[in-house]
1. Have a look at Gly72, Gly85, Gly102 and point out the one that is farther than 23 Å from Ile127 by Cβ, touching a residue at least 24 places away in the same chain (Cβ under 8 Å) and either loosely packed, with under 13 Cβ neighbours inside 10 Å or out of contact with any strand residue (DSSP E or B) (no Cβ under 8 Å at 6 or more places or on another chain) (or both).
2. Of the residues Arg143, Arg97, which is within 24 Å of Thr12 (Cα to Cα) and surrounded by 13 or more Cβ atoms within 10 Å (Cβ to Cβ)?
3. If I go through segment 49-76 residue by residue, how many of them are within 14 Å of Cys27 (Cα to Cα) and either of a type in the set (D, E, K, R) or assigned to a loop (DSSP other than H, G, I, E, B) (or both)?
4. Determine which single condition Ala91 fails, assuming it passes every other condition in (1) surrounded by 14 or more Cβ atoms within 10 Å (Cβ to Cβ); (2) outside the structural domain of Lys158 (by TED's automatic domain parsing); (3) in a helix (DSSP H, G or I).
5. So, in segment 128-151, exactly how many residues are at pLDDT 90 or above, over 21 Å from Glu82 (Cβ atoms) and among the hydrophobic types (A, V, I, L, M, F, W, C)?
6. Return the pair list, or none, for Cβ contacts closer than 8 Å from residues in segment 4-19 that are farther than 11 Å from Ser30 by Cβ to residues that are acidic (Asp, Glu) and part of a strand (DSSP E or B), at least 6 apart or on different chains.
7. Just to be sure before I move on: is Val136 crowded, with 22+ Cβ neighbours inside 10 Å and not assigned by TED's automatic domain parsing to the domain that holds Asp14 in the structure I sent?
8. Restricting attention to segment 110-128, which residues are touching a Ser or Thr at 6+ places or on another chain (Cβ under 9 Å), within 16 Å of Thr94 (Cβ to Cβ) and either assigned to a loop (DSSP other than H, G, I, E, B) or of a type in the set (Ser, Thr, Tyr) (or both)?
Amino acid sequence: MTETIYYSQIRTEDGAVFLAATEQALCYVSPQNEGIRELKSWLERHYPGVQLVEDEEKLSIYTTQLQEYLNGEREEFTLPVELVGTDFQKAVWTELRNIPFGEIHTYSEIAESIGNPRAVRAVGSAIGANPLLFVVPCHRVVRKNGEMGGFRGGLSMKEKLLGLERHKAKI
């Protein structure tokens, strides 16, 4: 039996964000600079043979929370997620979910917190492979010297997200 993955999109001022979910959980959120082609490519690698079906209603819980976050109306996501990657990647992504709204951490802090302080570059690679942008807040990670580092959605989007969170953070 072929598994079905459902997808939808939300429109932002910077472009469309594609979301995909299994029956149980959100498994993919794209940056605004990627489209359906990238979603399909990711699914082929991580869910071979899957059937992709557009279904706005089925994804409404996810699109609503993501839109609220991007509008500055939500600080935490309360939705089920499915992290698909290596054990190391999952450890990094789980740690990223512990970074509070409005805070930033460094790549080396993440490496230390997962018990592998010498794996700073590997942490960066895992962050770059994050399939759940915004929900797994990789934008909250910067270099030790305070520089932005990279971001799959582009540095201007990372700056925008950090600005949104700083403006809305309870200090």
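The values are calculated or read from the model by the stated rules, or taken from the named source; none is laboratory data. Just so we're clear, the structure is a prediction, and the values are computed from it rather than from any experiment. All Cβ positions, even for glycine, are placed from backbone atoms using ideal geometry, and neighbour counts span all protein chains on display.
1. Sole residue among the options that is farther than 23 Å from Ile127 by Cβ, touching a residue at least 24 places away in the same chain (Cβ under 8 Å) and either loosely packed, with under 13 Cβ neighbours inside 10 Å or out of contact with any strand residue (DSSP E or B) (no Cβ under 8 Å at 6 or more places or on another chain) (or both): Gly72.
2. Arg97
3. Residues that pass the stated criteria total 3.
4. (2)
5. Counting residues in segment 128-151 that are at pLDDT 90 or above, over 21 Å from Glu82 (Cβ atoms) and among the hydrophobic types (A, V, I, L, M, F, W, C) gives 2.
6. Hits for this filter: Tyr6/Glu54; Ser8/Glu54.
7. Spelling it out, Val136 is indeed crowded, with 22+ Cβ neighbours inside 10 Å and not assigned by TED's automatic domain parsing to the domain that holds Asp14.
8. Hit for segment 110-128 is Ile114, nothing else.
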